[in-house]
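Step one of this worksheet: look at the structure below.
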Amino acid sequence: TLRATIDSEVAAGYLFTPTISFGHTVPVTDRDPDKRRTLRLRLRVRVHLEPYLDTGYVQVTNDPSTPGPIETIVGAGDGAFSFQDDNGNGVHDPGEPSEPYLDFSSGVLVNTNPATGGMPLEEWYKPGNEAPNTNGNGRGPVASTATVLAELERANIAWAQAGIKVVIDGGIIIEEAPTGADGLNILSDGWFSLNGLVIDAVATITSIGQLATPSVAEVVFTGPLTFIGSVLNAAGFAFIPWLKDQIGMLPSTLKQNTYMFISPAISLGQRALAHEIGHALTNQPDTFFTPSIFFPSDEPAPDDLAPHLQRRILHSTEMTARTPRPTACLGCSGNMLVAP
Ligand SMILES: [Ca+2]
Ligand SMILES: [Ca+2]
Ligand SMILES: [Ca+2]
Ligand SMILES: [Ca+2]
Ligand SMILES: [Zn+2]
């Protein structure tokens, strides 16, 4: 077995005589008439920054002329995340004093329910020099660029079998999460909610607005996903035209678009982005559970640690993913995303 990527070619040589030979080279996706061309799925990727409290941090200085250390509150209410850059590298690192934040990139999951050992929301916010943030990550994007690129690579490994290549359109956009209808940062409560009274997904989609188009899928790495009251910390979720047809949450100008949301600190082997791309390309919900496939499955699947786990899709899924969806039909299978 030889390893080949989606951009590879297969070359066959035939030596007829020592001076006469023939050769033929074909792309690896040219194995069937319907897969003659590699199709591209373009993603526009946003990564939300972790929420923080703009309450300032305690700067400790020592003045030999006074008996004890002097404590000063720095950066309160200035509208920016304030921290003491001890190592002078321009970013916040674990251990550096800072305003309190939720270290989603290290897997912080807020639980305010006393019945299940929870504690008040404010107590989950910790400065960088207080545990667990002393040994976690600094305050920054919920997912590092390396994590985003690793998810992308996994998605490409997953979708190569359908002749589909996934690419990021432009650079990765790192930004504060938007403000919800209640005037607060949507992640400040510790969760990115997909239903309920405050729908953070709708706030995010609305804030992206007309920058989103039907031909490029929007992917947002954000806080831990929750369907309030049912699922906490889902790995990913896709707002696809089929879903908008069902529940009518969005203004009609945005209904043709595709949005995917990914939770922080999830295992790469879950193939979360690859799975959500399945929803995006087929415009279909999850239907059943088979451990060998990564889409469509409606159960938490095992990681892709073995060849028979989470690595395959059905032939019918491949075909649907390569099928155009008619603009007039929000509920039809296929998509308006892939192109040569
Ligand atoms: Ca501040
Ligand atoms: Ca630093
Ligand atoms: Ca962090
Ligand atoms: Ca929220
Ligand atoms: Zn799904």
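Key figures for this structure:
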{"quantity": "Residue under evaluation S105, criteria (1) in a loop (DSSP other than H, G, I, E, B); (2) within 24 Å of the chain's Cα centre (by Cα), criterion not met", "calculated": "(1)"}
{"quantity": "Failed condition for F237, given (1) in contact with an Asp or Glu (Cβ under 8 Å, 6 or more places away or on another chain); (2) of a type in the set (A, V, I, L, M, F, W, C); (3) more than 16 Å from ligand 4 (Cβ to nearest atom)", "calculated": "(3)"}
{"quantity": "Test: residue in region 150-163 that is open to solvent by less than 40 Å² (accessible area, probe 1.4 Å), closer than 30 Å to A339 by Cβ, among the charged types (D, E, K, R) and modelled with pLDDT of 95 or more", "calculated": "yes"}
{"quantity": "Filter result (within 12 Å of ligand 5 (Cβ to nearest atom), assigned to a loop (DSSP other than H, G, I, E, B) and surrounded by 15 or more Cβ atoms within 10 Å (Cβ to Cβ)) within region 247-302", "calculated": "R271, Q284, F294, F295, P296, A301"}
{"quantity": "Qualifying residue in region 321-334 (condition: exposed (fewer than 12 other Cβ atoms within 10 Å of the Cβ) and either aromatic (F, W, Y) or within 16 Å of I157 (Cβ to Cβ) (or both))", "calculated": "no"}
{"quantity": "Strands (runs of 3 or more DSSP E) wholly inside region 1-87 containing at least 3 residues that are not hydrophobic (A, V, I, L, M, F, W, C)", "calculated": "9-15, 21-27, 39-49, 57-61"}
{"quantity": "Residue in region 165-180 that is under 19 Å from A234 (Cα atoms) and open to solvent by 60 Å² or more (accessible area, probe 1.4 Å) present", "calculated": "no"}
{"quantity": "Given (1) away from ligand 2 (no atom under 16 Å from the Cβ); (2) at positive phi, index of the condition L109 fails", "calculated": "(2)"}
{"quantity": "Test: residue in region 1-24 that is of a type in the set (D, E) and open to solvent by 70 Å² or more (accessible area, probe 1.4 Å)", "calculated": "yes"}
{"quantity": "Where I240 falls short, out of the listed (1) open to solvent by less than 50 Å² (accessible area, probe 1.4 Å); (2) closer than 18 Å to V110 by Cβ", "calculated": "(2)"}
{"quantity": "Residues located in region 305-340, provided they are of a type in the set (D, E, K, R) and not in a loop (DSSP other than H, G, I, E, B)", "calculated": "R312, E318"}
{"quantity": "Count of residues meeting criterion [hydrophobic (A, V, I, L, M, F, W, C), touching a residue at least 60 places away in the same chain (Cβ under 8 Å) and under 14 Å from N283 (Cα atoms)] in region 209-259", "calculated": "2"}
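The values are calculated or read from the model by the stated rules, or taken from the named source; none is laboratory data. The structure displayed is predicted, hence computed values, not measured ones. Note that we place each Cβ from the backbone using ideal geometry, even for glycine, and neighbour counts take in every protein chain shown. We work out accessible area using only protein heavy atoms, side chains counted, and drop any ligands, DNA or RNA first. Shrake-Rupley method; radii C 1.70, N 1.55, O 1.52, S 1.80 Å.
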